[in-house]
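Engineer: The structure follows.
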Amino acid sequence: MDPLRYNQLLQRPIYTGNPVAIQQNRDAVESPGEEQPSFQTLLEERIREESTVAFSKHAMERVVERNVDVSPGQLERLNEGVRLAEEKGLRSPLILMDTTAFVVNVPNNKVVTVVNDGSLKGTVFTNIDGTVMI
């Protein structure tokens, strides 16, 4: 085979699938009629979704056992407390919210235990490095 022809064949783009369908998909994505959300918007949504604090098995047992309110509003406040603790560099803070105390592992974004007003009296919290009151 002629070396010039061989080089021309090597420089052609290689498509897997139907090239017409690929171009149609590109045109659909780049259509000016629909405004695509910005990267920053998508990133903020993803962070908001992933920043919700999780509960350990022990904490879930305490929530049920002690009948603690974990409504969406309360979880939002708890997430705000975790965010404040993280800003200050705390790793295992005690977060006090109304009459409920949460011990949170900030690096894992996980509630370790929950104590409410009925069980707070006489409770000693150990292995915490700060307190956030929200």
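The values are calculated or read from the model by the stated rules, or taken from the named source; none is laboratory data. A quick note: this is a predicted structure, and the numbers were derived from the prediction, not measured. When we count neighbours, we look across all protein chains shown, and the Cβ atoms used for this are built from the backbone with ideal geometry, even at glycine.
Engineer: Residues of the range 54-74 being surrounded by 14 or more Cβ atoms within 10 Å (Cβ to Cβ) and within 15 Å of Asn116 (Cα to Cα), which ones?
Structural biologist: Ala59, Met60, Arg62, Val63, Arg66, Val68, Val70, Gln74
Engineer: I'm trying to understand the selection: among the residues of the range 75-112, which are hydroxyl-bearing (Ser, Thr, Tyr) and either surrounded by 17 or more Cβ atoms within 10 Å (Cβ to Cβ) or closer than 11 Å to Ile134 by Cβ (or both)?
Structural biologist: If the condition is that a residue be hydroxyl-bearing (Ser, Thr, Tyr) and either surrounded by 17 or more Cβ atoms within 10 Å (Cβ to Cβ) or closer than 11 Å to Ile134 by Cβ (or both), then Ser92, Thr100 are the ones that fit.
Engineer: Can I ask one more? Restricting to the range 60-91, name every residue that is within 18 Å of Leu120 (Cβ to Cβ) and under 19 Å from the mean Cα position of the chain (by Cα).
Structural biologist: Here is the first cut: in the range 60-91, the ones within 18 Å of Leu120 (Cβ to Cβ) are 61-70, 74, 77-78, 81.
Selection gives Val70, Gln74, Arg77, Leu78, Gly81.
Engineer: Which numbered condition trips up Pro37, out of (1) modelled with pLDDT under 65; (2) in a loop (DSSP other than H, G, I, E, B)?
Structural biologist: (1)
Residues checked against (1) at pLDDT 90 or above; (2) assigned to a loop (DSSP other than H, G, I, E, B); (3) among the hydrophobic types (A, V, I, L, M, F, W, C):
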| position | (1), (2), (3) |
| --- | --- |
| Val68 | no, yes, yes |
| Gly73 | no, no, no |
| Val82 | yes, no, yes |
| Gly89 | yes, yes, no |
| Val103 | yes, no, yes |
| Asn127 | yes, yes, no |
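Engineer: Identify all residues within the range 78-105 that are free of Cβ contacts under 8 Å to residues at least 24 places away in the same chain and small (Gly, Ala, Ser); write none if there are none.
Structural biologist: Gly89
Engineer: Kindly evaluate Ala59 against the criterion of being of a type outside the set (S, T, N, Q) and in a strand (DSSP E or B).
Structural biologist: When the stated conditions are applied, Ala59 does not pass them.
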